[in-house]
Amino acid sequence: MSSTATDVKNAAAQGGTDWDPIFDEIGLPKDPTNIYTQTVATMLRAAEIINLKHRCRIILAQPKNEIMVHFPVRMDDGHHRLFKGYRVQHNNACGPYKGGLRFHKDVHLDDVKSLAFLMTMKCALVQIPFGGGKGGVNCTPRDLSASELERVSRRFTAAIANDIGPDYDIPAPDVGTTPQVMAWIADTYSALSGRSGPDDPFAVVTGKPVAVGGSLGREKATGQGVVDVLREMLPDFDIPIEDMRVSLIGFGNVGSWAARILADLGANVIAVMDHTGALRNDEGLDVYALADYTAQNGSIAGFEKRTGTGSKTTKHSGNGADVITEDEFWSTPVDVFIPAALEGMLNEERAKQIHCRVVAEAANAPTTPDADKVLQQRGIEVIPDMLCNAGGVTVSYFEWVQNRSNVTWDVEQVDRELNRIMCMAARRTILARQKYDTDMRTAANIAALEHLGDVYQHRGIWP
Ligand code: GLU
């Protein structure tokens, strides 16, 4: 039986799972622990609130294409290993499929489907002319030599080369992939396509090194976008950036850039945790030195023992760090907590323990639905992933525009345009929140769905 818009809004407000009849209609499993089910349920609750057309709901509830490939790679010792790769193309109503490639041991189909879905919503929310896609390879890049990683990247590209393209589906970096991996992909695709010149095949991926068509400002773009959104939204919560206390989980590209840009603005990053442990300094960690250290050592482990001063003169240069336990990390009092690692790390238990006023989701899908419910009950604001981390794909769009029009932008232009797009998306989310009196995640979903609904209304469905 169909639920009323009010029932659904109440369920959304409580973070509850509401089984929309669409789950039965298109045969989706009603498993509340399944990440794809959770993503679709969130979308359907927002769709019900704005009375989105049924045809849009069923189209969005499933990806257009799910591509799975197996490919052999010669390892350094001469034996061959078979790898499994994915590319899920969720939706292209607004433009070519767009989204990262993840190299990680936990990559699996439902995860990639959810992340592809999130890309459709993210691009619609910031209103760049792309759809959503995501892909990846089941592997642990840390355990591969540089030449094995290159062969995995090139063989994977060869396996999906007929399914990607600068006008059709444009991959980018994600967890475990780097600008170098993008360069190998572009080079392989280019060699296979046999084209060059104005129809530049290198535009097949974004997040490339600047030397081969990457954009200035792309490396820090996701972290920069997180900070742009915080600067736009924190005044509404009466939190001044200057001297605010921040904790971060994950200190890779996104976390370390967000930390450095926040420190430049006078914030104090007082606790950081990664897969090896956690560090704390109540005066503020020297995040520039920590970023240099992790770039050299692969993790934050041992940073507290290093000697010497910081790498940049900030008010935190030369500060030390204490090793803390995981429980101490989660209960450290801060103004803003930034999850910047993998999905589902902020679970129900941690949501009860956490001591912050705002969660800024720099990672994709870091908060489980049960944790969302706890955070809402505790009055903790969540700035959702599809808004908070959209800076990366936005600068990817700028890179693609530069590649396609044979121009280069200076970093000031990139930063200015990024800030404009992020602030507009933040305002769109706040407006939807006020209009429908709902939480921020539902509001961001609503703002994205309104755009997608509009696009389908104009395009129609043919034949
Ligand atoms: N992987 C990033 C994301 O999840 C960037 C995607 C892109 O630039 O296409 O948003």
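Numerical summary
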read-out: Whole-angstrom gap from the stretch 60-131 to the stretch 271-326, using each part's C-alpha centre; value: 33
read-out: Percentage relative contact order, the stretch 388-463, counting C-alpha pairs under 8 Å, at least six apart; value: 20
read-out: Taking N as its residue count, the alpha carbon Rg of the chain over 2.2 N^0.38 Å; value: 0.95
read-out: Residue exposure sequence - Ile300, Ile58, Ile261 - by fewest surrounding Cβ within 10 Å; value: Ile58, Ile261, Ile300
read-out: Summed side-chain charge close to Gln402 - residues other than Gln402 whose Cβ falls under 13 Å, Lys, Arg +1, Asp, Glu -1; value: -1
read-out: Mean Kyte hydropathy of 1.0 or more with a Cα span along the axis of at least 20 Å, helices from DSSP in the chain; value: 109-126
read-out: Semi-axis lengths (Å, descending) of the ellipsoid that matches the C-alpha gyration tensor of the stretch 314-455; value: 30, 23, 13
read-out: Volume per residue that the Cα convex hull of the stretch 74-187 spans, once the total is divided by residue count, Å³; value: 94
read-out: Order of His104, His80 - criterion: other Cβ atoms within 10 Å of each residue's Cβ, fewest first; value: His80, His104
read-out: Violating pairs (Cα-Cα greater than 29 angstrom) within the set Lys220/Lys305; Lys98/Lys312; Lys208/Lys312; value: Lys98/Lys312
read-out: Around Gln127: net Lys/Arg minus Asp/Glu count, Cβ-Cβ under 11 Å; value: 0
read-out: Net +/- balance of residues flanking Glu66 in space, Cβ distance below 14 Å, scoring K and R +1, D and E -1; value: +1
read-out: Cα pair distances of the stretch 216-352 binned at 5 Å [whole percent]; value: 2, 11, 21, 25, 22, 13, 5, 1, 0
read-out: Relative contact order for the stretch 34-111, counting Cα pairs under 8 Å that sit 6 or more residues apart, in percent; value: 28
read-out: Of all DSSP beta bridges in the stretch 208-286, antiparallel share, percent nearest 5; value: 45
read-out: The stretch 16-148: antiparallel DSSP beta bridges as a percent of all, rounded to 5; value: 80
read-out: Percent of beta bridges antiparallel (DSSP, the chain, rounded to nearest 5); value: 50
read-out: Order of Leu118, Leu82 - criterion: other Cβ atoms within 10 Å of each residue's Cβ, fewest first; value: Leu82, Leu118
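Computed from the coordinates by the stated procedures, all read-outs in this text should not be read as laboratory data. These numbers come from a predicted model, not from an experiment. Neighbour counts run over all protein chains shown; Cβ positions are idealised from the backbone, glycine included.
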